[in-house]
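Asker: This is the structure, below, for whatever I ask next.
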Amino acid sequence: MSEKNGLIALKVSLPVFFGYLPLGASFGVLFSTQLDYAWWIAPLMAVTIFAGSGQLLAVSLLVSFTGLTQVFIAMLLLNARHVFYGLSLLEAFKDAGWRKFYLIFGLTDETYSLLTSRARSEDKGREQQIDFLITLFNHAYWILGCGIGAWLGKNLTFDATGIEFALIALFIVLCIEQYKVLQSSFPIWVGAAAGLLSLLFFPESQQLLIAMLLICAVLFWQYPANKHRYKRRLIKESADEQ
Amino acid sequence: MSNETLYLVSFILVTAVATFLTRLMPFAFLGKHSNHPLAQHLGRYLPAGIMAVLVAIFLPRAAHWQTPVFGLDALLPAALVIVLHLWRRNALLSMLAGTICYMAIQQGVINLV
């Protein structure tokens with residue numbers, strides 16, 4: 001049973017392996033070429049922080065010896081989009097016990113995408129075990145990528161120009177998967193419009209956060225019109241249980 | 001511990017705590033309301049919207065928008081990913097083909113002009 005869970009998690013998380021290895025490696029290379037610290041500090045940061053854009057920002061903050069209060073605020077703002085991620089997983093992580101702590105810790109963009117896109121059975125306990133393994137595997141790929149990159153950055157050079165496209169390709173693939181699950185392209189158009197608007201009118205550091213606020217605004221706005229559907233579904237479910 | 005090591009250790013600690021806090025917030029404050037219709041509504045549509053945002057923001061950044069390329073250096077590989085994925089629905093194949101195509105264009109192995 002647990003071996004089977006492991007296989008499922010491995011299959012689901014494999015695309016992230018190919019995304020995290022190059023992305024982690026680019027952080028690692030950046031870290032070891034910009035800073036004078038030992039190369040293994042990079043995978044250590046991968047273990048304790050586990051955030052792509054956060055760690056990339058961390059390199060530039062470390063270079064300029066930024067004050068810790070400012071570091072704290074910068075990280076909160078950069079990661080603010082994660083506040084929205086939890087919203088869609090409240091139900092899935094409910095009663096996950098000790099695993100819940102790690103599931104929340106490991107909720108990166110990519111883990112979030114995988115956990116919200118995959119098909120789920122009725123067996124909630126088992127699904128939480130699989131969620132936990134997917135998070136653990138993603139974390140391991142990330143640590144590996146950061147470590148390899150930092151080591152390579154200190155020891156050799158090769159032309160990996162453009163390899164970061166793997167992550168964009170992953171987001172496109174997950175977008176299509178979401179569309180297939182929902183059978184509706186509405187949220188995709190809202191997201192694309194929000195992204196392009198913030199890209200055109202806001203500074204680079206704030207684009208992600210503002211686009212996410214825009215999506216939330218649209219979803220809140222059209223919530224009253226859809227409210228009845230969820231209530232009806234809830235009543236139907238509790239009627240089925242009885 | 002030297003000053004520099006102390007700074008690095010506190011830096012990593014502060015960054016880790018800040019990152020974890022943002023991920024924890026919805027669970028700490030909204031955990032009891034996961035059955036609320038609004039949470040269900042957001043949970044249903046947010047993921048697709050956020051994926052689209054990530055594509056809409058990162059794809060244009062990966063492209064060169066000057067003449068004569070007009071963003072095609074990233075849009076073509078992206079189109080390849082979409083077509084391949086709609087056709088075969090194999091995540092690894094779609095990503096690998098798209099990334100190789102993008103790298104070949106960026107490194108001048110394939111010339112668009």
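Asker: With an 8 Å cut-off on Cα pairs and a minimum separation of 6 or more residues, tell me the relative contact order of chain A in percent.
Answerer: 33
Asker: Given a Förster radius of 30 Å and the C-beta distance between residue A:64 and residue B:36 as r, what FRET efficiency does 1/(1 + (r/R0)^6) yield to the nearest 0.05?
Answerer: 0.10
Asker: Sticking with this one: Could I have the simple spin-label model distance between residue A:95 and residue A:36, label points 7 Å from Cα toward Cβ, reported in nm to one decimal?
Answerer: Those two pseudo-labels are separated by 5.6 nm.
Asker: Stretched out fully, how many nm does the piece from residue B:2 to residue B:112 gain, at 0.36 nm a residue minus the Cα gap? Kindly include the intermediate steps, with their values, before the conclusion.
Answerer: Values: separation 110, 0.36 × 110 = 39.60 nm, distance 5.32 nm.
Contour length minus Cα-Cα distance gives 34.3 nm.
Asker: Pick out which of A:58, A:225, A:38 has the largest mean-square fluctuation in a Gaussian network model of chain A, springs linking Cα atoms closer than 10 Å.
Answerer: A:225
Asker: Pop a pseudo-label 7 angstrom from the Cα along the beta-carbon direction at both residue A:154 and residue A:213 and give the gap in nm to one decimal.
Answerer: Each label point is offset 7 Å from its Cα along the Cβ direction, giving 4.2 nm.
Asker: May I pose another question? Given a cut-off of under 8 Å on Cα pairs at least six residues apart, what relative contact order in percent is computed for chain B?
Answerer: 14 percent.
Asker: Using amide H atoms built 1.01 Å from N in the peptide plane, name the residues 5+ places from residue A:163, or on other chains, whose amide H lies under 5 Å from its own.
Answerer: none
Asker: When the C-alpha atoms of the stretch B:39-111 are aligned to their principal axes, what extent does each axis show, in angstrom, from largest down?
Answerer: Principal extents (Cα only, largest first): 48, 29, 15 Å.
Asker: Please identify which residues in the stretch A:114-152 have an amide N closer than 17 Å to a label point set 7 Å out from the Cα of residue A:102, following the Cα→Cβ vector.
Answerer: Residues A:115, A:125-144 qualify, since their backbone N sits under 17 Å from the label point.
Asker: Report, as an integer, the average count of C-beta atoms from other chains found within 10 Å of each Cβ along A:110-117.
Answerer: Across the residues of A:110-117, the mean count of other-chain Cβ atoms within 10 Å is 3.
Asker: Hey, got a sec? Which GluC sites (Glu not before Pro) in the stretch A:60-133 land in a DSSP loop and have at most 13 other Cβ atoms within 10 Å?
Answerer: Details: sites: A:91, A:110, A:122, A:127; in loops: A:122.
When the GluC sites (Glu not before Pro) of the stretch A:60-133 are filtered for loop state and at most 13 Cβ neighbours within 10 Å, A:122 remain.
Asker: Take chain A, mark every one of the chymotrypsin sites (Phe, Trp or Tyr not before Pro) that falls in a DSSP loop and has at most 11 other Cβ within 10 Å, then report the longest stretch left between them, sites excluded.
Answerer: The answer is A:159-242.
Asker: Pick from A:199, A:14, A:136: which is most flexible by mean-square fluctuation in a GNM of chain A where alpha carbon atoms under 10 Å apart are linked?
Answerer: A:199
Asker: Next up: Okay, which of the stretch A:124-153 sit inside 19 Å, backbone N to the point 7 Å along the Cα-Cβ direction of residue A:11?
Answerer: A:124, A:126-138
Asker: Per the Cauchy relation, a quarter of the hull surface: what is the mean projected area of the convex hull of the alpha carbons in the protein assembly as shown, in nm²?
Answerer: About 19.9 nm², averaged over all directions.
Asker: Could you sort out which of A:124/A:227; A:4/A:180; A:4/B:32; A:4/A:100; A:4/A:154 sit more than 30 Å apart by Cα distance in this structure?
Answerer: In this structure, A:4/B:32; A:4/A:154 lie more than 30 Å apart at Cα.
Asker: Compute a Gaussian network model of chain B, connecting alpha carbons closer than 10 Å, and tell me which residue from B:60, B:26, B:47 fluctuates the most.
Answerer: B:26
Asker: Here's something else I'd like to know. Give me the percent of Cα-Cα pairs in the stretch A:2-183 that sit more than 28 Å apart, rounded to a whole number.
Answerer: 27
Quick note: the coordinates plus some simple rules give every number you see, no bench work behind them. Remember, it's a predicted structure, so these values are computed and weren't measured experimentally. Cβ sites come from the backbone with ideal geometry, for glycine too, and all protein chains shown count toward neighbours.
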